[in-house]
Amino acid sequence: MRLKPLVLLFCGVFAVASTGFAGEKRCTIEGKRVECPTRTAEELQKAVDNFEQEAINMMRGFAGSTYGITGFDYLTGVGKRSSKGRAGKATLKAGDSGYGSTTGKTEVWDRIKKPASGEAIYNQWANNWSPTFKKSLVPGANPNEGKQWYYVYCVGCHGWLLRGDGPNAVFLDPYPRDLTAGWYMNKKTNLELFAVIKGGGAAVDLSECMPAWGNLLQDQDIWNVIAWIRANADAKPPRTLQEYLNPKSTFDPNSPANKINALNAKDSEEFQELQELLEGGMVAGRGGGLKGGGFVEGGLRKRPEETVVKGY
C-alpha cells in the first residue's frame, strides 16, 4: 500500500513553503526567519512504514502498536481487546484487537458506562479513544470539537499526535510543521493560525499544498481547531495510554498570541480586515455564500459565547 498518490488529497494544515532544504530558515516568528520545526526524512519514512504495518495488523485483527504507545493503535483507536471479548480479558500488547473477535469491540467500549443519546453519542465515542479536555485555552473555542476536524483533514500530513509525521509527510517538499513545537507555535498569534487554516498556504506566502480549508470549515470550526492545537503545545510523545489521553500544554492563555480569539474576533478591526482579504481572493465559497466572521448554525457547533468545554 503506497500513499504518494494520496498526498495532495490529504495535505493538512500548515504545510510550509513550497521549496527549500531542511536547514533553510523558511518560517517566521515575530518578524524573524527561523528554521521550521519538522521531522527528519528518516523519521517520516519510518512513519509511513508504521502506518502500513498497522493497517495490515488491523485487517488481520491483531492488537498492539507499531508506534510505541502501549495498547494503542493509530488506525483502530485504543486497540486493546474488550474485557467482554472472546478471551474474557483485555490484553495490552498482543492478540485479538477486538476487530477480529466475536464481539467486534475494543477496550474503549469498557470505558463507556452509560451511552449518550442522539447526536451526542458521536462525541462520547470519539472523546473516549482520544484526548478530551475540560477547559479551553482559547476563549469561545472548543478543542474537543476542533480535534475531530483535525482528524478528518489534517492527520494525513501532520500526524495523529500533531508532530508533522503523517503518512503523506515524507512525500511533501518541504515537510509539514511539528504543531507541538511550543518554541515556535506558542509565538504564532491566533490570527496567523486562522489565516493559514482558512485561506491556505497561499494566503500567507507558504505552500499551496496547504488548501484553503475555509471552503469546507466554518469560522467557528477553525477556531476550534486552533484551540485543539493550543492544547497540544509541547505535548510529549506518550509512553503510556494515560499520557496519550492527557497531554499537557505549555500555551499560556494570557499570552499576547491569544489576544484575538473566537469570543472577541467579531469586534476586532484587524480580524475583519483579514476576513475581507481571505474571502475576497482566497476562499471560493461554501455553496451559497460566506458569512464572514459571523456564526453559521450546523452540527454540534456552538456559538462562541455559548461554548462550554466539558470532558466526556
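Among the residues making up the range 1-50, those that are under 25 Å from Asn224 (Cβ atoms), outside any helix (DSSP H, G or I), modelled with pLDDT under 50 and not aliphatic (A, V, I, L, M) are Cys11, Gly12, Phe14. Scanning the range 134-156 for residues that are under 19 Å from Asn215 (Cα atoms), not in a loop (DSSP other than H, G, I, E, B) and not charged (D, E, K, R) returns Gly146, Gln148, Trp149, Tyr150, Tyr151, Val152, Tyr153, Val155, Gly156.
For the range 110-133, the set of residues classified as acidic (Asp, Glu) and either closer than 12 Å to Trp228 by Cβ or in a helix (DSSP H, G or I) (or both) consists of Asp110 only. Looking at the range 133-140, can you tell me whether even one residue there is among the small types (Gly, Ala, Ser) and surrounded by 24 or more Cβ atoms within 10 Å (Cβ to Cβ)? Yes, the conditions are met somewhere in the range 133-140. A single entry from Ala262, Ala233, Ala227 fulfils the requirement of being among the small types (Gly, Ala, Ser), part of a helix (DSSP H, G or I) and crowded, with 18+ Cβ neighbours inside 10 Å: Ala227. Scanning the range 104-117 finds one or more residues that are buried (at least 20 other Cβ atoms within 10 Å of the Cβ), at pLDDT below 70 and under 22 Å from Pro238 (Cβ atoms). Filtering the range 176-227 to residues that are at pLDDT below 90 and either among the charged types (D, E, K, R) or more than 16 Å from Val152 (Cα to Cα) (or both) leaves Gly200, Gly201, Ala202, Ala203, Val204, Asp205, Leu206, Ser207, Glu208, Cys209.
The values are calculated or read from the model by the stated rules, or taken from the named source; none is laboratory data. Small disclaimer: the values here were computed from a predicted structure and weren't measured. Heads up, the Cβs are rebuilt from the backbone with ideal geometry, glycines too, and the neighbour counts pull from every protein chain shown.
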